[in-house]
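Data first, discussion second: the structure below is written as structure tokens.
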Amino acid sequence: MTLDIDFVRAQFPAFGVAALRGQAFFENAGGSYACSPVIDRLTRFYTERKVQPYAPYPASRLGGAEMDEARMRLAALLGVETDELSFGPSTTQNTYVLAQAFAEMMAPGEAIVVTNQDHEANSGPWRRLAARGIEIREWKVDPDTGHLNPEHLEALLDESVRLVCFPHCSNVVGEINPVTEITALAHAAGAFTCVDGVSYAPHGFPDIGALGPDIYLFSAYKTYGPHQGIMVLRRTLGELLPNQGHYFNADSLYKRFTPAGPDHAQIAASAGMVDYIDALYAHHFQDDATPTDRGRAVHDLMRDHEVRLLQPLLDAVQARNSVRLIGPSDAALRAPTVALALTRPGEDVAAELAAHGIMAGGGDFYAGRALDAMGVDPHLGVLRLSFTHYTSYAEVQQLLDALDVVL
């Protein structure tokens with residue numbers, strides 16, 4: 001079974017917009033196009049149901065029901081319980097709220113492990129707790145490859161560690177980290193795990209229940225949806241941490257870590273992401289399946305397509321002496337987020353690519369700690385080329401031709 005790329009692209013209105021015609025989008029790690037079901041649900045909510053939800057009149061009841069539907073269906077897709085999933089304004093904000101909860105629960109001298117491979121969202125909020133007496137231990141990447149070695153984590157774990165924070169994959173290194181193995185190491189030492197899935201989830205929604213972490217975070221605007229942060233917090237930990245919401249919401253797991261009022265319309269529109277996954281499943285498979293199984297099957301379709309498109313790009317940049325590829329050169333080991341260290345600023349090269357119809361980005365992408373650890377000049381940053389399953393073979397070839405000219 002291979003992904004029907006024509007069917008996929010028909011689900012994204014951006015591919016039919018005249019202003020974007022001929023433009024190949026290679027900055028998906030910064031945010032993906034939105035799929036039609038999300039756009040349709042958001043439009044419907046704003047036009048028909050933009051009222052306070054959960055009141056007894058029809059428009060309000062329907063609005064609340066759509067919000068509940070989004071939570072229920074996303075949780076089922078991700079293999080967790082409905083109330084273990086909550087929404088927030090962004091992944092960064094969700095992480096800050098969690099950090100405050102851990103600070104209240106932990107005693108001075110207890111420890112949190114962070115990495116220098118992370119985006120700052122899953123590093124900075126935890127590092128700030130050092131000012132409150134929490135010990136911060138850094139799990140360091142290999143300076144040549146950017147790899148996180150689980151054996152090095154074991155040396156950091158002891159009875160004082162309460163939490164291990166790490167990315168499912170880095171937004172510049174791209175290597176897919178073994179979440180289940182790392183979580184098992186942490187659990188054996190009596191610690192919880194917090195996984196930043198922002199750079200992985202766009203490439204196939206994970207079965208979080210099977211992976212096993214205690215916290216999993218990602219951003220809906222990078223998974224074809226609205227600008228919301230999605231947080232899975234498993235019940236055992238969620239009920240242990242101090243409530244960060246209104247006191248009268250303390251008994252509601254999905255409200256305990258949402259101190260601000262939710263964006264009703266965007267939560268409701270998030271159900272459109274599941275509509276899209278279900279449409280892909282129905283198009284490619286003839287049988288019925290549970291939501292989690294549908295998610296797994298579509299995940300594998302997406303990954304297979306991405307790997308086949310990614311390897312020629314990796315081979316092409318790997319062959320250039322003037323280019324340093326950050327992360328693995330084997331497409332099967334990484335997400336299609338490709339950072340290249342060059343002899344000139346990545347942002348300047350991205351601007352040159354734009355003249356060839358390539359939409360890409362340059363800079364440090366809030367991963368300055370990772371790039372610094374690997375010896376990348378902070379003034380140059382990297383050129384980042386990132387795509388997802390809706391990218392076509394023709395667009396990859398357009399990128400390769402543009403790189404031949406620009407590099």
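Observations on the model:
- In the range 320-337, the qualifying residues are those that are assigned to a loop (DSSP other than H, G, I, E, B) and modelled with pLDDT of 95 or more, and the one that is surrounded by the most Cβ atoms within 10 Å (Cβ to Cβ) is Ala335.
- The listed residue being farther than 28 Å from His227 by Cα and either basic (Lys, Arg) or not in a helix (DSSP H, G or I) (or both), out of Arg296, Arg308: Arg308
- Of all residues in the range 139-182, those being within 15 Å of the chain's Cα centre (by Cα) and of a type in the set (A, V, I, L, M, F, W, C) number 7.
- Entry remark, the range 103-123: residues being closer than 28 Å to Leu371 by Cα, touching a strand residue (DSSP E or B) at 6+ places or on another chain (Cβ under 6 Å) and hydrophobic (A, V, I, L, M, F, W, C) number 4 in total.
- Scanning the range 143-162 for residues that are in contact with a strand residue (DSSP E or B) (Cβ under 7 Å, 6 or more places away or on another chain) and more than 13 Å from Thr115 (Cβ to Cβ) yields Ser160, Val161, Arg162.
- Residues being out of contact with any Lys or Arg (no Cβ under 9 Å at 6 or more places or on another chain) and either at pLDDT below 95 or not small (Gly, Ala, Ser) (or both) - total across the range 120-137: 10
- Some residue of the range 76-99 being closer than 25 Å to Ala155 by Cα, open to solvent by 10 Å² or more (accessible area, probe 1.4 Å) and under 14 Å from the mean Cα position of the chain (by Cα): no
- Pair list, Cβ < 9 Å and 6+ apart or interchain, from the range 150-163 residues that are farther than 19 Å from Ala130 by Cα to residues that are among the aliphatic types (A, V, I, L, M) and in a strand (DSSP E or B): Leu153/Val113; Leu153/Val164
- Tabulated pairs, the range 368-382, first closer than 16 Å to His147 by Cβ, second at pLDDT 95 or above and among the hydrophobic types (A, V, I, L, M, F, W, C), C-beta under 6 angstrom, 6+ apart or interchain: Ala370/Val172; Ala373/Val141; Val376/Ala341
- Residue within the range 45-60 that is within 27 Å of Ser199 (Cβ to Cβ), modelled with pLDDT of 95 or more, over 17 Å from the mean Cα position of the chain (by Cα) and not aliphatic (A, V, I, L, M) present: no
- Looking across the range 355-371, the residues that are open to solvent by less than 10 Å² (accessible area, probe 1.4 Å) and assigned to a helix (DSSP H, G or I) come down to Ala370, Leu371.
- Test: Arg41 is surrounded by 14 or more Cβ atoms within 10 Å (Cβ to Cβ), within 20 Å of Ser219 (Cβ to Cβ) and basic (Lys, Arg): yes
- When we screen Leu385, Leu400 for residues that are over 17 Å from Leu20 (Cα atoms) and in contact with a Phe, Trp or Tyr (Cβ under 7 Å, 6 or more places away or on another chain), the only hit is Leu385.
- Checked against (1) over 29 Å from Met1 (Cβ atoms); (2) among the aliphatic types (A, V, I, L, M); (3) open to solvent by 60 Å² or more (accessible area, probe 1.4 Å), Leu340 meets all criteria but (3).
- In the range 394-407, the residues that are more than 15 Å from Val338 (Cα to Cα) form Cβ pairs under 7 Å with partners that are modelled with pLDDT under 95, at six or more places apart or across chains, as follows: Leu407/Arg320; Leu407/Ser322.
The values are calculated or read from the model by the stated rules, or taken from the named source; none is laboratory data. Computed from a predicted model, the values in this text were never measured in an experiment. Because the Cβ atoms are built from the backbone with ideal geometry, glycine has one as well, and the counts that use them run over all protein chains shown. Please note that ligands, DNA and RNA were not included when accessible areas were found on the heavy atoms of the full protein model with its side chains. Shrake-Rupley method; radii C 1.70, N 1.55, O 1.52, S 1.80 Å.
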